[in-house]
Amino acid sequence: MGKVHMRNFPIIPFDEGYTPLFGDHNLIIHSDAKTVHLSLDESSGSGFASHDLYLHGYFSASIKLPSDYTAGVVVAFYLSNGDMYEKNHDEIDFEFLGHIRGKDWKVQTNIYGNGSTNIGREERYSLWFDPSDDFHQYSILWTDSKIM
């Protein structure tokens, strides 16, 4: 079994490492300048992109999903190089699919290579908890040989 070597990197201020992409009015930078709160309203969500490129790393987000009826709403936490390779990009993500009362909450994980699900995989899971009750931590560990 291989070893994963983890290093603690300093957390930099948001505006030094990231750029808002859309929904600026739904992106709030907290007073520590290192934490952001993303939200969505009736017209838009919000998103941001890193200034840096990554070959691997540990990426984590604390997410609380909107409650009640959210069919048609997808909340996503993802890594992608789609801004550089629009038609042939790679992607690793969590997609939280909209919810209908009385049905299970669903999360879909995707790994795409070269813009294709033929080079990668999709998996869909029913959650055993209500992700709208509280914040939950979702993480991607991407090593030089594995994605977990």
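Might you check whether a residue that is surrounded by 10 or more Cβ atoms within 10 Å (Cβ to Cβ) and in contact with a helix residue (DSSP H, G or I) (Cβ under 6 Å, 6 or more places away or on another chain) occurs anywhere in the stretch 57-68?
Within the stretch 57-68, not a single residue is surrounded by 10 or more Cβ atoms within 10 Å (Cβ to Cβ) and in contact with a helix residue (DSSP H, G or I) (Cβ under 6 Å, 6 or more places away or on another chain).
How about the stretch 91-121: which of its residues are under 13 Å from I147 (Cα atoms) and of a type in the set (D, E)?
The answer is E91, D93.
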The lone exception for G82 - which of (1) closer than 18 Å to F135 by Cβ; (2) surrounded by 12 or more Cβ atoms within 10 Å (Cβ to Cβ); (3) free of Cβ contacts under 8 Å to residues at least 12 places away in the same chain it fails: (1)
Members of the stretch 107-131 found to be surrounded by 15 or more Cβ atoms within 10 Å (Cβ to Cβ) and closer than 27 Å to K64 by Cβ, listed by number: V107, Q108, T109, N110, I111, Y112, P131
Check on S145, closer than 21 Å to G57 by Cα and of a type in the set (S, T, N, Q): yes
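Each value in this text was obtained by applying a stated rule to the coordinates, not by laboratory testing. Treat the numbers as computed from the prediction; the structure is a model and nothing was measured. Neighbour counts run over all protein chains shown; Cβ positions are idealised from the backbone, glycine included.
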